[in-house]
Amino acid sequence: MRKNNYLLLLIIPLLFCSFKTIEPTKKKALGLSIYLQLQGIVGDATDQYHPNWINVASYKFNAKNSRQIGQSGAAGVGRATGSDLTIKAVIADKSLTKLIDRCLKSTLILEGILDITESGAPVGNNVFAERVELTEIIVRSVSITGTDPLAGTVDVSFTLQFREIKRTLQDLINGNYNAPVDMEWNYQTNSGN
């Protein structure tokens, strides 16, 4: 009888305990920060590794090939084309005046870099998730849109046309970056690696 009492004393507290369900671990999604550097244009970014770069909210780029299955290799067939790189930012940035100036004067910018970094990257490392390097750039358009007057923001978008693109991608696995994967293309010569 005494044994049963001890057993009850052990079981009853367990009935009132709440059990936490253990869920499988999920890969934590990391936030992104995007920065653009254009030669001769100073932005307002204060990031430790991207000081004076342009803060970017989003970007868009498309690549396509005009060749279709079954077409012969005649001149001009199969030529790769890339859209302009469209950048969107919510800024009242000192770079805006220079961008408009370069657009109106059609001034050539020799090089630029678009860095996409992950917020959860190892501290103290200037490691990017993706880097896009551009050469021989022209600012094709600049668009400024006033938005919510209470928020005091201005939407700015601009498009860049370029001769050559090099894209480097790195994956973050278990807190470490894999070796970068490169892609390079020259639209003038229609060739790359």
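Derivation of every value follows stated rules applied to the coordinates shown; laboratory data play no part. No experiment lies behind these values; they were computed from the predicted model shown. Using ideal geometry, Cβ is built from the backbone for each residue, glycine included, and neighbour counts are taken over all protein chains shown.
Taking each of Lys64/Lys105; Lys94/Lys166; Lys60/Lys166 in turn, the alpha-carbon distance tops 18 angstrom for Lys64/Lys105; Lys94/Lys166.
Approximating the spin labels as points 7 Å out from Cα along Cα→Cβ, the Ile100-to-Leu32 distance works out to 2.9 nm. If the segment from Asn65 to Thr168 were pulled out straight at 0.36 nm per residue, it would be longer than the present Cα-Cα gap by 35.0 nm. Site pair Val154 and Lys88 shows an inter-label distance of 1.9 nm when each label is modelled 7 Å from Cα along Cα→Cβ.
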